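*Asks:* Please see the structure below; I have some questions.
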Amino acid sequence: MEMIQIVGLGLIATILILIIKEQKPMFAFLIAVSTGIMIFMYLVGKIGGIIEVLEQLAESSGVQMIYLKTILKIIGIAYIAEFGAQIVRDAGQDSIASKIELAGKVLIMVLAIPIISIIIETVIKMLPV
């Protein structure tokens with residue numbers, strides 16, 4: 001049922017955008033952005049529930065919370081970078097959207113370095129000397 005509401009909102013916004021785009025392109029863009037933000041804000045509550053479940057699983061399995069938090073930050077950066085790039089692309093600025101995606105990838109790599117180094121250290125310890 002929730003997906004039907006999201007699709008309905010998207011379809012209504014799309015129809016409005018198509019009608020308004022010819023006369024007022026700025027309003028059409030604002031409708032697109034506000035629709036995207038409304039969908040994103042609706043999903044934030046769902047994401048909070050997912051994070052709680054993942055934290056409980058991490059605690060019960062003995063995984064250090066620093067790893068889970070780092071992975072969640074990486075996922076968050078990926079989603080936010082994609083969302084921002086799509087909005088900028090909607091405005092017709094593909095080159096800026098590409099830069100946003102690049103920045104997201106670099107920030108993900110920066111956050112992943114501690115996890116990658118721990119994996120490499122673990123593999124090296126497992127190798128016979």
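The values are calculated or read from the model by the stated rules, or taken from the named source; none is laboratory data. A quick note: this is a predicted structure, and the numbers were derived from the prediction, not measured. As a convention, Cβ positions derive from the backbone with ideal geometry for all residues, glycine included, and neighbour counts pool all protein chains shown. For accessibility, only protein heavy atoms count, side chains too; no ligands or nucleic acids. Shrake-Rupley method; radii C 1.70, N 1.55, O 1.52, S 1.80 Å.
*Asks:* Per residue, how many Å² of accessible area does the range 1-117 show with a 1.4 Å probe?
*Replies:* 71
*Asks:* Apply the Karplus parameterisation 6.51 cos²θ - 1.76 cosθ + 1.60, with θ equal to phi minus 60°, to every residue of the range 105-118 and state each ³J(HN,Hα) to the nearest whole Hz, in sequence, with x for glycine and proline.
*Replies:* So the J values, rounded to whole Hz, are 5, 5, 5, 4, 5, 4, 5, 7, 4, x, 5, 4, 5, 5.
*Asks:* Could you list which residues have their amide H under 5 Å from that of VAL63, counting only those 5 or more apart in sequence or on another chain, with H placed in the peptide plane?
*Replies:* The list, which skips near neighbours in sequence, is empty: none.
*Asks:* Determine by what factor the alpha-carbon radius of gyration of the chain differs from 2.2 N^0.38 Å, reporting the quotient.
*Replies:* 1.44
*Asks:* Report the FRET efficiency, 1/(1 + (r/R0)^6), for MET26 and GLN5, where r is their Cβ-Cβ distance and R0 is 35 Å, rounded to 0.05.
*Replies:* Numbers: r = 27 Å, r/R0 = 0.77.
With a Förster radius of 35 Å, E is 0.80.
*Asks:* Another one. Would you work out what percent of the accessible area of the range 11-129, with all protein chains in place, is carbon or sulfur (probe 1.4 Å)?
*Replies:* For the range 11-129, the apolar C and S fraction of the accessible surface comes to 74 percent.
*Asks:* Can you tell me, using C-alpha contacts under 8 Å and at least 6 residues apart, the relative contact order of the chain as a whole percent?
*Replies:* Relative contact order of the chain: 16 percent.
*Asks:* With runs of 4+ DSSP H residues as the only contributors, calculate the mean residue ellipticity of the chain at 222 nm using -39,500 (n - 2.57) per run, divided by the residue total and rounded to the nearest 500.
*Replies:* -32000 deg cm²/dmol
*Asks:* Another one. Mind checking the full-extension length gain between ASP90 and LYS105? Use 0.36 nm per residue of separation minus the Cα-Cα distance, one decimal, nm.
*Replies:* 3.3 nm
*Asks:* By average Cβ neighbour count within 10 Å, what is the ranking of 96-107, 112-123 from highest down?
*Replies:* Packing proxy ranking, top to bottom: 96-107, 112-123.
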